[in-house]
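First the structure, in the form of structure tokens, and then the observations on it.
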Amino acid sequence: MFSSAAVRGETLTFAADEWCPVNCAPGSEKPGYMVEIVTAILEPLGYEIRYQQINWARALLLTRNGQFDGVYAGTPEEAPGFVFPDAPQGEYTIGLFVRAADPWTYTGPQSLEGRSAGLIIDYSYGEAIEADLQRYSEITYTGGARALEQNIRTLDRGRLDLIVEDINSFAYKAAELGLTDAFRLEETFTRDSLYLALSPAKPGSQTIAGHLTAGMQELRSSGELEAIMRKYGLTDWENQTLDDGQPAID
């Protein structure tokens, strides 16, 4: 497999919207930990990796149709029918964020009654919290490449009461915007795996999935995975604990 891939010099193009620290700006010094993990596994096998940033709904559609080889940071719930490695390339924990000065507290699903919530189009947050928000809250959906930034700014201005988002991504973007102290993590919900989700229309997807599964074990045993994660203020998700409910980011 190594020799065949190296001779072909096959180019793989993966798409996603910006979701730092998982996947950030293409071509930057810190393109995202999943981007670096995938590149570290596949480039030594002779593949050339390209990363295109577009909105999430379009990334899923075009990858399903075979115009891209995969999407960064997918889940089986968001991308049914896609090809997934056996081993994940990341992890997320969904949290509920409010303004730091907001006296409201989460005491269960009914406490969401009448609260305006910001979500991102075609993101998966977990069946239970999504059902509760649909039942009790007034949801505003945001799309586009800067959807999370838009939601955070809208929450800061008081035009939303809460945001539901991956805790590391929220913390990373809020810090980038200089708004770290403006918000409070009120509750955590779903904790699950993230993958490079591969196109069901591409014949080589199963082979790439196998490379990723084997490569994760090698990166972890060599210490390279931990080195990549530390660049983003994180640790290997297999070693993370969230007992205090706080973002697992330094």
Say we look at segment 191-210 and pick out the residues that are open to solvent by less than 10 Å² (accessible area, probe 1.4 Å) and in a strand (DSSP E or B); which of these is farthest from MET34 (Cα to Cα)?
LEU198
Evaluation of SER169 against (1) touching a residue at least 60 places away in the same chain (Cβ under 8 Å); (2) more than 26 Å from VAL38 (Cα to Cα) (one fails), failing number:
(2)
Looking for something at pLDDT below 95, among the hydrophobic types (A, V, I, L, M, F, W, C) and under 15 Å from LEU198 (Cα atoms) - is there at least one such residue anywhere in segment 37-56?
yes
Find the residue count for segment 138-173, including only residues that are acidic (Asp, Glu) and open to solvent by less than 10 Å² (accessible area, probe 1.4 Å).
2
Given the conditions (1) in contact (Cβ under 8 Å) with a residue 24 or more places away in the chain; (2) hydroxyl-bearing (Ser, Thr, Tyr); (3) surrounded by fewer than 22 Cβ atoms within 10 Å (Cβ to Cβ); (4) within 30 Å of PHE189 (Cβ to Cβ), every one holds for THR13 apart from (4)
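One line per residue, one yes/no per condition, for (1) within 17 Å of the chain's Cα centre (by Cα); (2) charged (D, E, K, R):
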residue: GLU77; (1), (2): yes, yes
residue: PHE82; (1), (2): yes, no
residue: GLY90; (1), (2): yes, no
residue: ASP132; (1), (2): no, yes
residue: TYR136; (1), (2): no, no
residue: THR140; (1), (2): no, no
residue: ILE152; (1), (2): yes, no
Note: among THR235, THR188, just one is assigned to a loop (DSSP other than H, G, I, E, B), surrounded by fewer than 20 Cβ atoms within 10 Å (Cβ to Cβ) and either touching a residue at least 12 places away in the same chain (Cβ under 8 Å) or polar (S, T, N, Q) (or both), namely THR235
What number goes with the only condition from (1) of a type in the set (A, V, I, L, M); (2) touching a Leu at 6+ places or on another chain (Cβ under 8 Å); (3) outside any strand (DSSP E or B) that ALA131 does not pass?
(2)
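The values are calculated or read from the model by the stated rules, or taken from the named source; none is laboratory data. Keep in mind the model is a prediction, meaning the values are calculated, not measured. Cβ coordinates were reconstructed from backbone atoms using ideal geometry, including for glycine residues, and neighbour counts include every protein chain displayed. Accessible surface is based on the protein model in full, side chains and every heavy atom, while ligands, DNA and RNA are left aside. Shrake-Rupley method; radii C 1.70, N 1.55, O 1.52, S 1.80 Å.
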